[in-house]
Amino acid sequence: MKPVRRLEPVVILAVMSREFANFRTFWKSTAFTSTFEPIVYLLAFGLGLGSTLVADVDGIEYVQFVGTGLVATAVVFSSALPAMFGTFVKERFQRTYDAILAAPVDVEELVTAEMLWIGIRAATFGCFPLIVTLFFGLEPRLTMLLVPFYAFVTALAFAAFGITMAASVSKIDQFNYVTTLVITPLFLVAGTFFPIDQLPEGLQVVAQVNPLYQLVQLVRDACFGMEAVDALRLAGLLALAIVMWRVAIRRMEKRLII
Amino acid sequence: MPAIELHGLTKHFGPIAAVDGLDLVVDEGVCLGLLGPNGAGKSTTMKMLTGQAIPDGGEIRVLGHELPGDSKAARARMGVVPQLDNLDIDVTVEENLAVFARLYRVEDVAAAVERTLEIARLTDRRKDAVDKLSGGMRRRLLLARGLVHDPELLLLDEPTVGLDPQIRTELWRLIDGLRSQGTTILMSTHYIEEAERLADEVAVVAAGKVIARATPAELIAEHAGVTTAEVYGPPDRLARVRREVEEAGLRVRPAGPAIAIVAADTADPGLIPDDAVFRAASLEDVFVMLTGEEAE
């Protein structure tokens with residue numbers, strides 16, 4: 001028999017294969033939402049506001065400003081929320097993790113696989129708004145190929161955050177606090193719909209530590225011109241993903257191993 | 001080498017001792033029934049064997065691996081069939097099996113799926129989503145999932161709890177087949193008939209420890225004698241008979257509308273009423289006498 005080690009890729013892929021098998025049963029509805037939601041946002045905000053109130057922001061046409069910003073929105077909503085609800089349901093109601101952990105899989109591998117799967121999904125869906133924006137006049141650039149990677153790293157951090165929350169609440173209703181107090185404020189001060197320099201000074205400082213804001217800036221720079229500070233932004237997101245990964249593992253170990 | 005060795009195992013949840021100094025050795029090739037009432041510590045013991053619960057004290061060795069430290073290696077060699085159905089209901093039968101074959105690092109996943117589909121007699125339903133299966137088929141699939149890597153040891157946690165008699169019998173046939181092939185099985189149950197029918201040996205568990213262990217026949221002989229007499233009648237009559245019989249040193253237990261007098265063959269002539277119904281002593285008599293719980 002092969003020796004068992006920590007973080008075995010074959011085991012992580014096996015856990016992800018379970019997610020993939022389930023995803024194949026509902027991918028159409030998810031893909032539909034991910035495609036049409038940015039179109040609706042772009043029509044409402046981009047064209048609506050863009051044609052009446054705001055023509056451009058910092059020289060960027062408003063519909064493209066919003067379209068590139070929506071990448072972060074798509075990433076957070078397809079990572080943090082599925083991680084929270086999915087993890088809680090699998091742990092509490094479906095007892096899926098009991099079955100997986102009875103196999104030679106440890107919590108570290110389970111959490112890593114769940115994060116990677118959500119990261120891949122969110123990175124894919126995160127690119128949909130960008131693709132849609134190309135049809136609204138956004139010029140293609142080679143550096144845009146970095147966007148899926150940026151989205152993936154950010155999604156890992158939010159997936160780990162969601163898993164941590166799922167391992168911390170006792171009832172599913174308590175996610176309302178998380179969405180109201182954490183996700184929505186992060187989403188609103190990410191610079192998606194308006195530049196953050198329009199915000200009060202205190203909120204501008206808060207926005208700087210908002211990972212979604214950093215993602216929005218990275219995506220816009222990939223679309224309109226890279227900056228040196230982007231390396232720092234990416235490093236910050238990577239560090240956050242790593243820290244949250246370890247926190248999520250710790251919380252899930254406390255929840256799953258009694 | 002024993003497949004399972006538990007020595008002085010303890011597990012507390014707050015002030016409650018779920019497992020309280022449990023000792024148990026299961027030899028290879030044996031089907032051992034862990035028989036006990038609800039709350040006796042059976043499921044907690046099962047969780048400790050899979051590393052999903054960490055004992056407060058004692059030693060666990062499974063297939064030569066020390067737990068919880070070496071639990072992952074032990075889990076690779078054992079199969080687990082849980083009490084609750086946790087199949088992926090939207091996914092097909094074969095994909096459920098394939099995922100677990102991959103989790104167990106089976107090299108030929110397709111062959112493992114074929115083999116277990118045959119065991120569960122679900123080959124013709126392989127492409128169906130699990131939520132299209134009957135309750136009995138789902139249970140068979142759950143058992144098959146635990147066998148997908150051809151384990152040396154199988155843990156069955158209340159394998160037929162909540163099932164109707166027909167499905168239960170169907171599952172017993174499957175488990176009996178595995179037992180006959182020499183698979184080591186540890187099966188927790190609170191159904192007397194299940195333990196009697198499937199287990200080579202039965203360990204009676206109460207309040208977190210093993211209080212008796214032997215083959216069903218030996219347990220009956222030791223704790224319930226040869227014959228049990230059941231006496232029916234109104235409550236005042238049953239109370240009077242019970243008092244007289246207990247004063248004579250025999251043990252009595254409630255048995256639905258009757259009382260059951262254990263080891264009735266040793267009673268003095270005339271002590272047991274003439275209208276008593278005599279039957280062979282059973283494992284149920286042993287269970288109730290030892291645990292004080294009504295049998296299911």
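The values are calculated or read from the model by the stated rules, or taken from the named source; none is laboratory data. None of the values given here were measured: they were computed from a predicted structure. When we count neighbours, we look across all protein chains shown, and the Cβ atoms used for this are built from the backbone with ideal geometry, even at glycine. Side chains are part of the model used for accessible areas, which takes the heavy atoms of the whole protein and leaves out ligands, DNA and RNA. Shrake-Rupley method; radii C 1.70, N 1.55, O 1.52, S 1.80 Å.
Would you be able to say whether some residue in the stretch B:110-122 is of a type in the set (Ser, Thr, Tyr) and surrounded by 20 or more Cβ atoms within 10 Å (Cβ to Cβ)?
Going residue by residue through the stretch B:110-122, those that are of a type in the set (Ser, Thr, Tyr) are B:116.
Then keep just the ones that are surrounded by 20 or more Cβ atoms within 10 Å (Cβ to Cβ); that gives B:116.
Checked against the condition, which is being of a type in the set (Ser, Thr, Tyr) and surrounded by 20 or more Cβ atoms within 10 Å (Cβ to Cβ), the stretch B:110-122 yields at least one hit.
Six or more apart or on different chains, Cβ under 7 Å: which pairs go from a residue in the stretch B:99-113 that's within 7 Å of chain A (Cβ to nearest Cβ) to one that's among the basic types (Lys, Arg)? Could you list them?
Every condition considered, the pairs that remain are B:VAL99/A:ARG18; B:PHE100/B:ARG145; B:ARG105/A:LYS2.
For the stretch B:4-35, which residues satisfy the criterion of being on the phi > 0 side of the Ramachandran plot and either touching a helix residue (DSSP H, G or I) at 6+ places or on another chain (Cβ under 6 Å) or not in a loop (DSSP other than H, G, I, E, B) (or both)? Give the steps one after another, and end with the answer.
We begin by selecting, within the stretch B:4-35, every residue on the phi > 0 side of the Ramachandran plot; these are B:8, B:14, B:21, B:29.
Those that are on the phi > 0 side of the Ramachandran plot and either touching a helix residue (DSSP H, G or I) at 6+ places or on another chain (Cβ under 6 Å) or not in a loop (DSSP other than H, G, I, E, B) (or both): B:GLY8, B:GLY21.
Just checking, which of A:ILE12, A:ILE39 is within 14 Å of another protein chain (Cβ to nearest Cβ), surrounded by 14 or more Cβ atoms within 10 Å (Cβ to Cβ) and assigned to a helix (DSSP H, G or I)?
On the way: A:ILE39 fails: within 14 Å of another protein chain (Cβ to nearest Cβ).
It is A:ILE12.
For the stretch A:126-158, which positions are over 9 Å from the mean Cα position of the chain (by Cα) and under 30 Å from A:LYS90 (Cβ atoms)? Walk me through it before giving the result.
Residues of the stretch A:126-158 over 9 Å from the mean Cα position of the chain (by Cα): A:127-150.
Matches in the stretch A:126-158: A:CYS127, A:PHE128, A:PRO129, A:VAL147, A:PRO148, A:PHE149, A:TYR150.
Of all residues in the stretch A:21-36 being open to solvent by 90 Å² or more (accessible area, probe 1.4 Å) and assigned to a helix (DSSP H, G or I), which is farthest from the other protein chains (Cβ to nearest Cβ)? I'd like the intermediate steps shown before the answer.
Filtering the stretch A:21-36 for residues open to solvent by 90 Å² or more (accessible area, probe 1.4 Å) gives A:24, A:27-28, A:32, A:36.
Cutting the leftovers down to assigned to a helix (DSSP H, G or I) gives us A:27-28, A:32, A:36.
Numbers: A:TRP27: 12, A:LYS28: 13, A:PHE32: 18, A:PHE36: 23 Å.
Filtering the stretch A:21-36 for residues that are open to solvent by 90 Å² or more (accessible area, probe 1.4 Å) and assigned to a helix (DSSP H, G or I), the one farthest from the other protein chains (Cβ to nearest Cβ) comes out as A:PHE36.
Could you list, in sequence order, all residues of the stretch B:123-134 that are more than 14 Å from chain A (Cβ to nearest Cβ) and open to solvent by 40 Å² or more (accessible area, probe 1.4 Å)? Before you say what the answer is, go through the steps one by one.
The initial filter retains those residues of the stretch B:123-134 that are more than 14 Å from chain A (Cβ to nearest Cβ), namely B:123-125, B:133-134.
Across the stretch B:123-134, the qualifying residues are B:THR123, B:ASP124, B:ARG125, B:SER134.
Test of understanding: among A:ARG5, A:ARG18, which residue is assigned to a helix (DSSP H, G or I), basic (Lys, Arg) and within 14 Å of chain B (Cβ to nearest Cβ)?
Going through A:ARG5, A:ARG18 in turn, just one is assigned to a helix (DSSP H, G or I), basic (Lys, Arg) and within 14 Å of chain B (Cβ to nearest Cβ): A:ARG18.
Under 7 Å between Cβ atoms, at least 6 apart or on separate chains: pull out the pairs that start in the stretch A:244-258 with a residue that is within 11 Å of another protein chain (Cβ to nearest Cβ) and end on any residue that is part of a loop (DSSP other than H, G, I, E, B) and exposed (fewer than 15 other Cβ atoms within 10 Å of the Cβ).
A:ILE257/B:ILE54
One residue is enough: does the stretch A:243-253 have a residue meeting the conditions farther than 30 Å from B:MET46 by Cβ and surrounded by fewer than 19 Cβ atoms within 10 Å (Cβ to Cβ)?
Yes: one or more hits.
Does the stretch A:134-173 hold any residues that are open to solvent by 60 Å² or more (accessible area, probe 1.4 Å) and part of a helix (DSSP H, G or I), and which are they?
Residues of the stretch A:134-173 open to solvent by 60 Å² or more (accessible area, probe 1.4 Å): A:134-135, A:139-142, A:145-146, A:149, A:170-171, A:173.
A:LEU134, A:LEU142, A:LEU145, A:LEU146, A:PHE149, A:ASP173, listed by residue number.
So the check is Cβ under 7 Å with 6+ separation or different chains; which pairs have a first residue in the stretch B:164-186 that's closer than 15 Å to B:ASP200 by Cα and of a type in the set (A, V, I, L, M, F, W, C) and a second one that's open to solvent by 10 Å² or more (accessible area, probe 1.4 Å) and not in a loop (DSSP other than H, G, I, E, B)?
Correct list of pairs: B:TRP172/B:ARG197; B:ILE185/B:LEU178; B:ILE185/B:ARG179.
Name the single residue, out of those in the stretch A:71-108 being open to solvent by 20 Å² or more (accessible area, probe 1.4 Å) and farther than 30 Å from B:TYR104 by Cβ, that is farthest from the other protein chains (Cβ to nearest Cβ).
Once the filter is applied, the top-ranked residue is A:ALA74.
List pairs: first in the stretch B:115-126 and closer than 9 Å to B:GLU94 by Cβ, second of a type in the set (D, E, K, R) and part of a helix (DSSP H, G or I), Cβ under 7 Å, 6+ apart or cross-chain?
B:LEU117/B:GLU94; B:LEU122/B:ARG140; B:ARG126/B:GLU94
How about the stretch B:177-296: which strands (runs of 3 or more DSSP E) wholly inside it have at least 2 residues that are crowded, with 18+ Cβ neighbours inside 10 Å and small (Gly, Ala, Ser)? Talk me through it step by step, then tell me what you get.
Details: elements: B:184-189, B:201-206, B:209-214, B:227-232, B:252-255, B:258-261, B:277-280.
Output list reads B:201-206.
Suppose we keep only residues that are at pLDDT below 95 and more than 14 Å from chain A (Cβ to nearest Cβ) within the stretch B:9-21. Which one would you say is most open to solvent (accessible area, probe 1.4 Å)?
That would be B:PRO15.
Going through the stretch B:52-74 one residue at a time, which ones are within 16 Å of B:LEU24 (Cα to Cα), touching a strand residue (DSSP E or B) at 6+ places or on another chain (Cβ under 8 Å) and open to solvent by 30 Å² or more (accessible area, probe 1.4 Å)?
Just the residues of the stretch B:52-74 that are within 16 Å of B:LEU24 (Cα to Cα), to begin with: B:55, B:57-67.
From what's left, touching a strand residue (DSSP E or B) at 6+ places or on another chain (Cβ under 8 Å): B:55, B:57-63, B:66-67.
The answer is B:GLY58, B:GLU59, B:ARG61, B:GLU66.
Could you grab me the full set of residues in the stretch B:255-283 that are at pLDDT below 85 and under 29 Å from B:ALA40 (Cα atoms)?
Passing the criteria: B:ALA255, B:GLY256.
Evaluate the stretch A:223-241: report whether one residue or more is in contact with a strand residue (DSSP E or B) (Cβ under 7 Å, 6 or more places away or on another chain), open to solvent by 40 Å² or more (accessible area, probe 1.4 Å) and closer than 29 Å to A:LEU134 by Cβ. Spell out the reasoning first.
In the first step, residues of the stretch A:223-241 are kept if they are in contact with a strand residue (DSSP E or B) (Cβ under 7 Å, 6 or more places away or on another chain); the result is A:224.
In the following step, the residues that additionally are open to solvent by 40 Å² or more (accessible area, probe 1.4 Å) were identified as A:224.
Okay, now just the ones that are also closer than 29 Å to A:LEU134 by Cβ, so A:224.
Yes, that holds for at least one residue.
So which residues in the stretch B:73-82 are facing chain A (nearest Cβ under 8 Å) and in a strand (DSSP E or B)? Please lay out each step first, then the result.
Taking the stretch B:73-82 and keeping what is facing chain A (nearest Cβ under 8 Å), we get B:73, B:75-77, B:80, B:82.
The one that is facing chain A (nearest Cβ under 8 Å) and in a strand (DSSP E or B): B:VAL80.
Name the residue, out of B:ASP85, B:ASP56, B:ASP70, that is charged (D, E, K, R), more than 7 Å from chain A (Cβ to nearest Cβ) and without any contact (Cβ under 8 Å) to a residue 12 or more places away in the chain. Don't jump to the end; show me each part of the working.
Details: B:ASP85 fails: without any contact (Cβ under 8 Å) to a residue 12 or more places away in the chain; B:ASP56 fails: without any contact (Cβ under 8 Å) to a residue 12 or more places away in the chain.
Checking each option against the conditions leaves just B:ASP70.
Considering only the stretch A:49-63, I want to know if a residue exists there that is crowded, with 17+ Cβ neighbours inside 10 Å, within 13 Å of chain B (Cβ to nearest Cβ) and in a loop (DSSP other than H, G, I, E, B).
Scanning the stretch A:49-63 turns up no residue that is crowded, with 17+ Cβ neighbours inside 10 Å, within 13 Å of chain B (Cβ to nearest Cβ) and in a loop (DSSP other than H, G, I, E, B).
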